[in-house]
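Novice: Take a look at this one; I'll ask things after.
The values are calculated or read from the model by the stated rules, or taken from the named source; none is laboratory data. These numbers come from a predicted model, not from an experiment. Neighbour counts are summed over all protein chains in view; Cβ atoms, including those assigned to glycine, are modelled from backbone coordinates with ideal geometry. Ligands, DNA and RNA are stripped out before the accessible areas are found, and what is left, the full protein with its side chains, is counted by its heavy atoms. Shrake-Rupley method; radii C 1.70, N 1.55, O 1.52, S 1.80 Å.
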Amino acid sequence: MSQGETQILTKKLPELVATLHEKANYNKKNYYIDPITGNKVLTSYYLTKRGFCCCTGCRHCPWDEQEDS
């Protein structure tokens with residue numbers, strides 16, 4: 001990917017991520033692939049199904065961050 005393509009993608013990244021996440025949730029997928037890094041990103045569908053917060057800063061965590069007791 002060229003630098004220009006990367007810059008365009010970076011500008012549209014929030015919208016693209018929101019679309020990828022929405023589609024993955026709709027299709028009940030556990031993750032989608034981040035378009036920049038190629039890493040798997042867990043969906044809120046999966047994180048809710050899992051049932052607890054792991055406190056590692058997941059991008060789409062549906063849980064309120066829990067404090068250590």
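Novice: Could you check how much of the accessible area of the chain is carbon and sulfur, as a whole percent, using a 1.4 Å probe? Each step should come with its number before you reach the end.
Specialist: Numbers: 2770 of 5500 Å².
That fraction is 50 percent.
Novice: For the pair Gln7 and Tyr31, how long in nm is the line joining their label points, each one 7 Å along Cα→Cβ?
Specialist: 3.2 nm
Novice: Something else now. Is the chain rounded, prolate or oblate when judged by the Cα gyration tensor, a ≥ b ≥ c being the square roots of its eigenvalues, rounded requiring a/c under 1.5 and prolate requiring a/b larger than b/c?
Specialist: Numbers: a/c = 2.85, a/b = 1.83, b/c = 1.56.
Here the chain falls in the prolate category.
Novice: Also, quick follow-up: With a probe of 1.4 Å, find how much accessible area the chain has per residue, and write the answer as a whole number in Å². Provide the component values of the computation, followed by the final result.
Specialist: On the way: 5500 Å² over 69 residues.
About 80 Å² of surface per residue is accessible.
Novice: Hey, can you grab everything whose amide H is under 5 Å from the amide H of Thr43? Only 5+ residues off in sequence or another chain; H modelled, so Pro and N-termini drop out.
Specialist: Those lying under 5 Å, H to H, from Thr43 are Tyr31, Tyr32.
Novice: Ranked by accessible surface with a 1.4 Å probe, highest first, in what order do Tyr32, Tyr26 come?
Specialist: On the way: Tyr32 15, Tyr26 180 Å².
Ranked list, largest accessible area first: Tyr26, Tyr32.
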